[in-house]
Amino acid sequence: MSDIENLDEDGAVATVSDDEDREAAMAAGVDRNATYAGWSYLAFLFAVFLVLALLAYSCDGDSSGGNDETGATVPVATTVEDDAPAPAAATPVDLVFQVSGDTVTLTGSVPDSAARDQLVQQARGIYGDANVIDELTIDEATTMEGGTITVTGDAADGDDRPNQLLGASAAVGGMTPALDVNFADAELTPADIEFAVATDTVTLSGVVPDEASRTRLIGNAEELYGAANVDSAGLTVGNTTWDGGQIRVTGLVDPGDELATGLQDLLELDNAGVAVANTVEVDSSAEALGRLQERLRAELAAEPIQFASGSANISPESDEILQRVADAMNSVPDIPVEIVGHTDNQGSGALNQALSENRASAVLNRLVELGVESARLSSRGAGAAEPIASNDTDEGRQENRRIEFIFEGALAE
């Protein structure tokens, strides 16, 4: 068995047997390997720690902090970048309301339609609907907060409307108000008021000197036509005078429409000293004549022309309805009219025919007496040949006994 040399504690060579020496050598090698592995693992961990520390120190913002004058560590705040841009600040409104006598023009931008509607309505309440020109626009990038409003232009001395407009408008959004209006004596122009009439309606327009005049004129129209049939939005108050002024009644009306004539009379009565002119024209179209013919038929159905029983003698109680018929005919003086008499079927046909002819002729003569030109009138009797109701009842026979007026060219409804 061979020997293996080893150093003893004193450095001397020691000799051991093969088996014992081999076991001792192997044990020593294992111990050394374990020791080396432990130290290597610790060295690796230390190296990793150093790398991480260096990386942390080199990052933006240096999150490891620094030292202040006393040597204490001071944390360093890191910066977080935000890619979204900050919203732009809203622009305060800058509104300009330009007055010129009785009118005002609104300019500028407001944040929304609600603000615009409120400003327009306030201006119309002060200057009138027809005198406000709305040029406001909507810009959502604006705000009423911190905004300004300027009322500028020209107005008459004593006209307080610019101040009213400024105060009311500035209050909408707490805007800063500014008044830059040139107040001077205004030359008053004569009022020129128009009442444009049509079938059952009237439209008022023009500028009156004061609110009392406006109220009075609207009342004149509503008294005859009814409030629902009067459009007074175009009648405003401004720098005018009744001295030299006038009221004109214009339009196109159906034949026999007496409202326009009544309106003229009422205006002359309630507006003393003001000239009232009536230039209304009568519509003589086939459609208008048809409406006239139908209207007279309805009036005569409600209030028939009365005759003494079995004769052509007109009862005095029918004088009023015949006067209305004459006036309707004279509203279209160039239109020929046929007067037709009708009876029921009671009695002989010959007697009914003669009676219808005589009654039609009697009505013609009475209308001539009331001023209708005889040359444009003709009459005939239809007897019982043209009934409009049943002759089997008293009511039907009464409807069939009638006088009918037919206007030449009328378009029957």
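Laboratory data are not the source of any read-out in this text; all were calculated from the coordinates shown. What you see is a predicted model, and the numbers here were worked out from it, not measured in a lab. So basically every Cβ, Gly included, is an ideal-geometry build from the backbone, and we count neighbours across all protein chains shown.
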Considering only the other residues whose Cβ falls under 15 Å of the Cβ of ARG359, what net charge follows from Lys and Arg at +1 and Asp and Glu at -1?
-> -1
Taking a quarter of the surface of the Cα convex hull of region 179-337, what do you get in nm²?
-> 13.3
Centroid-to-centroid separation of region 187-254 and region 126-158 [C-alpha atoms, Å] | 28
Rg(Cα)/(2.2 N^0.38 Å) for region 189-282, N = residue count | 0.99
Taking placed amide H atoms and a strict 5 Å upper bound, the residues 5 or more places from ASP154 or on another chain that come that close are VAL99, SER100, GLY101, ASN182
Any chance you could list P(r) for region 91-184, counting all Cα-Cα pairs in 10 angstrom bins from zero, rounded to whole %?
-> 18, 55, 23, 3
Proxy exposure order for PHE195, PHE405, PHE46, PHE183 (fewest C-beta within 10 Å first) is PHE46, PHE183, PHE405, PHE195
Taking only the alpha carbons of region 286-407, the radius of gyration and the largest Cα-Cα distance, Dmax, both in angstrom, are 13.8, 40
Pairwise FRET efficiency - LEU269 versus GLU386, Cβ, R0 = 56 Å, nearest 0.05 = 0.80
Please give the residues of region 385-410, grouped as numeric ranges, whose backbone N is less than 18 Å from a label point set 7 Å along the Cα-to-Cβ vector of ALA301.
-> 386-407
With a 10 Å Cβ neighbour count serving as the proxy for reagent exposure, in which order, fewest first, do SER109, SER285, SER348, SER309 appear?
-> SER309, SER348, SER285, SER109
